[in-house]
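**Student:** My structure is below; once you've seen it, I'll send some questions.
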Amino acid sequence: MRERRFIWCSNIRRDAFAPILFGLVAILWLALPSPGLGQSEEHEYFLKTKKQAQQGDAESEFALGVCYEDGFGVNKDSKEGLRWVRMAANQGVAPAQGDLGDRYSKGIDVPRDFAEAFKWYSRAARQGDATAECSLGLCYENSQGVPQNYVEAYKWLNLSAAQTHDAVIGVDKDSVEEVHPRKILDALTKLMTPYQIVEAQRLSREFLARKEGR
């Protein structure tokens, strides 16, 4: 029996979303006479983000959720963070959808539910989110929320490997290691027939063609 693995990649999602989340912070920092970012500037960013989120801006909803979860400019409140992340995910923000998938995969502020994690990973992966593609591939590989399907696992891991550097894999939230999706893919190919590999590669190309409108 192969070890069941899952993605632990919330920090990677934050890195990918950093230009949006901290764009205003950078502007505020440049305007300051002294270096560093004080609590008042963090709180000012939080208030502006909250105002935009309350007006329905989807990316600001996710940024606000991250603020609550990380205690950036506001006291930490993971449940309030979840509420805003879910709102952003429902509006189609791919990193928020992947973040929600992570929560269901680990049982963070929600009951652990692999089927629900699979649903949110799928939505983010179909938008081309590399980390979600890797998460989705592992769902298919390890029968988490979906019947095992090595062809689909290869397809999504291949797509992720083509556009990402490292994903963080672990057996629990306290035990993680950095692994490139390509390494997972290499191990997976040893369990597949040549026909399955060819079929998975074909599906990867078809997905990219549809995404690029070819």
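Every number here is computed from the coordinates shown, using simple stated rules; none is lab data. Please read these numbers as outputs of a predicted model, since none were measured by experiment. All Cβ positions, even for glycine, are placed from backbone atoms using ideal geometry, and neighbour counts span all protein chains on display.
**Student:** Take Lys48 and Thr193, extend 7 Å from each Cα along the Cα→Cβ direction, and tell me the distance between the two endpoints in nm.
**Tutor:** Calculated label separation equals 5.9 nm.
**Student:** Within 10 Å, count the other beta carbons around each residue, average over each peptide in 204-213, 50-59, and list them highest first. Spell out each step's value before the answer.
**Tutor:** Details: 204-213: 12.2, 50-59: 15.1.
Listed from highest to lowest mean packing, they are 50-59, 204-213.
**Student:** Structure shown: which of Lys106/Lys155; Lys79/Lys106; Lys50/Lys76 lie over 18 Å apart, alpha-carbon to alpha-carbon?
**Tutor:** Details: Lys106/Lys155 24 Å; Lys79/Lys106 15 Å; Lys50/Lys76 14 Å.
In this structure, Lys106/Lys155 exceed 18 Å between Cα atoms.
**Student:** Give the peptides 118-130, 139-151 in descending order of average Cβ contacts within 10 Å, highest first.
**Tutor:** Taking the mean over residues of other Cβ atoms within 10 Å, the ranking is 118-130, 139-151.
**Student:** Report the extension gain between Glu212 and Arg112 in nm, rounded to one decimal, defined as 0.36 nm multiplied by the number of residues separating them, less their alpha carbon distance. Display every interim value, and only then the final one.
**Tutor:** Numbers: separation 100, 0.36 × 100 = 36.00 nm, distance 3.46 nm.
Extra length available between Glu212 and Arg112 comes to 32.5 nm.
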